[in-house]
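Scroll down for the structure; my scribbles are underneath it.
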Amino acid sequence: MPPDHLSATFSALADPTRRAILARLASGEASVKELMAPFEISPPAITKHLKVLERAGLITRGRTAQWRPCKLEAQPLHEVHAWIDQYRQFWEASLDRLEDYLRDLQAQNKDAITAESPAEHMQEMQQKAKTGKKRTAKPVVKK
């Protein structure tokens, strides 16, 4: 079975420490020591986080003498963005249809209100406010 890159990316992004590391790397390369500085975790723990990010393809680690810089890789984030964008388009279309439907209902309601006299409408609204109930049909009792 081929590896699921999207799941690996989401899994790596699930941890707030790893997201903070990525946020730091967005401003440029950094050493492991620099990445570890804001956290109260051990060197082995930061190394585990970096390995998860590296396996997900979110970072690369180089080696220049004693310096091991980490660098952000954007491709997996582009894949996540594309996946999420599909759902954004779906929800925007759904919300647009809902908005159209609500406008139609409001127009129908406005037509119904103008069909009765303003005095009748005001009387009905006052009655609803007094009782705190919605106007409902009387139950049918079969004999």
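The values are calculated or read from the model by the stated rules, or taken from the named source; none is laboratory data. The structure presented is a predicted model; accordingly, all values stated were derived computationally and were not measured. Cβ placement follows ideal geometry from the backbone for every residue including glycine, while neighbour counts extend to all protein chains displayed. Heavy atoms of the whole protein, side chains included, go into the accessibility calculation; ligands, DNA and RNA do not. Shrake-Rupley method; radii C 1.70, N 1.55, O 1.52, S 1.80 Å.
Identify all residues within region 21-48 that are in a helix (DSSP H, G or I), closer than 18 Å to residue 78 by Cα and small (Gly, Ala, Ser); write none if there are none.
Once the filter is applied, which keeps residues that are in a helix (DSSP H, G or I), closer than 18 Å to residue 78 by Cα and small (Gly, Ala, Ser), region 21-48 yields only 23.
Kindly indicate whether residue 55 is charged (D, E, K, R), surrounded by 10 or more Cβ atoms within 10 Å (Cβ to Cβ) and in contact (Cβ under 8 Å) with a residue 40 or more places away in the chain. I'd like the intermediate steps shown before the answer.
Values: charged (D, E, K, R): yes; surrounded by 10 or more Cβ atoms within 10 Å (Cβ to Cβ): yes; in contact (Cβ under 8 Å) with a residue 40 or more places away in the chain: yes.
Answer is yes for this residue.
Could you say which residue among 50, 35, 13 is touching a residue at least 40 places away in the same chain (Cβ under 8 Å) and either open to solvent by 100 Å² or more (accessible area, probe 1.4 Å) or in contact with a helix residue (DSSP H, G or I) (Cβ under 8 Å, 6 or more places away or on another chain) (or both)? Steps first, please.
Details: 50 fails: touching a residue at least 40 places away in the same chain (Cβ under 8 Å); 35 fails: touching a residue at least 40 places away in the same chain (Cβ under 8 Å).
The match here is 13.
Return the total of residues in region 58-90 being exposed (fewer than 13 other Cβ atoms within 10 Å of the Cβ) and part of a loop (DSSP other than H, G, I, E, B).
Result for region 58-90: 5.
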